[in-house]
1. In the chain, what cysteines have no partner Cβ closer than 4.7 Å?
2. Please order THR59, THR31, THR12, THR69 by the number of other Cβ within 10 Å, starting at the fewest.
3. First select every other residue whose beta carbon is under 13 angstrom from the beta carbon of MET1; then total the charges, Lys and Arg +1, Asp and Glu -1.
4. What nm distance separates the two modelled labels at THR69 and ASP24, each placed 7 Å from Cα along Cα→Cβ?
5. Considering all projection directions equally, how large on average is the shadow of the alpha-carbon convex hull of the chain, in square nanometres?
6. Tell me, in nm to one decimal, what length is gained between CYS53 and LYS4 on full extension, where the rule is 0.36 nm per residue of separation less the Cα-Cα distance?
Amino acid sequence: MGYKVAIRKNETGEIRIVHFDHGDFSLYMWTDGNWACDCNRSDFFGDEDVGHCGSTRFTALYAEMEDGTRIKIDVE
């Protein structure tokens, strides 16, 4: 079961939609797990040098499931 995640690069406002064709969506992975930190989210923008690992440079806006349901991730 696949899903998509909308991620915003906060510095520029650019939003990328990332498709995940494998695995199930896990809110934990996006809020407290590996996908919660800037060093991993930067991969979706091709940013190699994010400096320190934090959680301010990128915002995961929502995940969209195959049925169109949206789940907010980083609540603003």
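1. CYS37 - these cysteines have no disulfide-compatible partner (Cβ-Cβ under 4.7 Å) in the chain.
2. Lowest to highest Cβ neighbour count: THR12, THR69, THR31, THR59.
3. Net charge in that neighbourhood comes out at -4.
4. 1.1 nm
5. 4.9 nm²
6. 15.3 nm is the gain from fully extending CYS53 to LYS4.
Bear in mind that the values in this text are calculations on the coordinates, not laboratory data. This structure is a prediction, so every number in the text was calculated from the model and none was measured. All Cβ positions, even for glycine, are placed from backbone atoms using ideal geometry, and neighbour counts span all protein chains on display.
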